[in-house]
């Protein structure tokens with residue numbers, strides 16, 4: 001839902017499909033590989049970047065996936081990542097609603 005909300009925000013901000021694709025690639029795909037912990041462990045990053053990773057939903061999704069598949073964590077152990085993803089979704093939807101324009105521009 002967070003990624004869907006981010007896509008909604010990108011589609012509200014941009015006017016052309018090509019710019020939306022490029023913006024989505026630059027905002028979604030590239031930082032997700034760098035800051036999710038998929039390629040580089042978050043624990044080995046400098047402290048500043050460890051806090052920056054908290055802004056990306058991919059970090060939380062990867063944390064949920066690893067906890068479920070590798071350690072069989074229960075719902076209580078996954079509460080923090082689920083709350084982070086929920087807050088990200090609410091924030092992106094709020095930004096999309098705020099930036100939505102009801103008038104038609106050429």
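Values quoted throughout were computed directly from the atomic coordinates according to the rules given, and no laboratory measurement underlies them. What you are looking at is a predicted structure, and each value in this text was computed from that prediction instead of being measured. Cβ: placed from backbone, ideal geometry, glycine included. Neighbour counts: every protein chain shown.
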Below 8 Å between Cα atoms, with a sequence gap of 6+, how large is the relative contact order for the chain in percent? 41 percent
With angles folded into 0 to 90 degrees, how steeply does helix 57-66 sit against the dominant principal axis of the chain? Use alpha carbons for both and round to 10. 30 degrees
The chain: angle of helix 79-99 to the longest principal axis, Cα-based, in degrees nearest 10: 10 degrees
Convex hull of the chain built on C-alpha atoms - directionally averaged projected area, nm²: 7.9 nm²
When the chain is treated as a GNM, springs tying every alpha-carbon pair under 10 Å, which of 16, 58, 50 comes out with the largest mean-square fluctuation? 16
Euclidean distance of C-alpha centroids, region 71-106 and region 3-27, integer Å: 15 Å
At what distance in nm do the modelled label points of residue 51 and residue 4 sit from each other, each positioned 7 Å from its Cα along Cα→Cβ? 3.3 nm
Whole-Å semi-axes of region 40-87's equivalent ellipsoid (Cα gyration tensor): 20, 13, 8
